[in-house]
Amino acid sequence: QVQLVESGGGLVQAGDSLRLSCAASGRTFISYGMGWFRQAPGKEREFLAAIRWSGGRTYYADSVKGRFTISRDNAKNTVYLQMNSLKPEDTAVYYCTADLDLNLVVAGKANYWGQGTQVTVSS
């Protein structure tokens with residue numbers, strides 16, 4: 001079992017930056033692929049980024065490529081999402097997710113999900 005707890009959300013202005021954190025506990029964190037999704041009101045959940053257990057390979061949705069960066073610190077059992085140049089359309093609840101199979105993470109079918117953290121970007 002893996003427990004995921006997101007933090008770092010909040011209210012920011014357009015153009016600001018924000019870094020989300022996802023603290024993992026439970027099983028060996030280093031073995032898991034990790035990812036970030038978001039869901040805005042009235043919209044489907046959207047894949048943002050994923051990272052392999054080794055941290056050496058990352059994947060991004062086109063909508064955030066160049067603005068968002070995923071990283072991980074296996075010593076701290078934490079994965080991060082650095083978000084720059086935020087836009088009002090980035091407003092959503094952001095979720096951390098994990099699975100031994102990174103393909104499941106990217107597909108939104110991972111076994112483990114956090115409760116989410118709200119990000120609101122004002123214009």
Residue, most open to solvent (accessible area, probe 1.4 Å), within the stretch 103-117, restricted to residues that are among the small types (Gly, Ala, Ser) and more than 14 Å from Trp53 (Cβ to Cβ): Ala107
In the stretch 6-65, the residues that are closer than 20 Å to Leu104 by Cα, of a type in the set (Lys, Arg) and in contact (Cβ under 8 Å) with a residue 60 or more places away in the chain: Arg38, Arg45
Residue in the stretch 87-95 that is part of a loop (DSSP other than H, G, I, E, B), buried (at least 16 other Cβ atoms within 10 Å of the Cβ) and among the β-branched types (Val, Ile, Thr) present: yes
Output for the stretch 97-119, where each listed residue is assigned to a helix (DSSP H, G or I) and over 14 Å from the mean Cα position of the chain (by Cα): Asn103, Leu104
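Rundown of residues vs (1) at pLDDT 95 or above; (2) open to solvent by less than 30 Å² (accessible area, probe 1.4 Å); (3) under 10 Å from the mean Cα position of the chain (by Cα), yes/no style:
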residue	(1), (2), (3)
Gly10	yes, yes, no
Gly15	yes, no, no
Arg27	no, no, no
Gln39	yes, no, no
Glu44	yes, no, no
Phe47	yes, no, yes
Trp53	no, no, no
Asn74	no, no, no
Asn84	yes, no, no
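The values are calculated or read from the model by the stated rules, or taken from the named source; none is laboratory data. Because the structure is predicted, anything quoted here is derived from the model rather than measured. For neighbour counting, all protein chains shown are included, and Cβ atoms are generated from backbone atoms with ideal geometry for every residue, glycine included. What goes into the accessible areas is simple: the full protein's heavy atoms, side chains included, and nothing from ligands, DNA or RNA. Shrake-Rupley method; radii C 1.70, N 1.55, O 1.52, S 1.80 Å.
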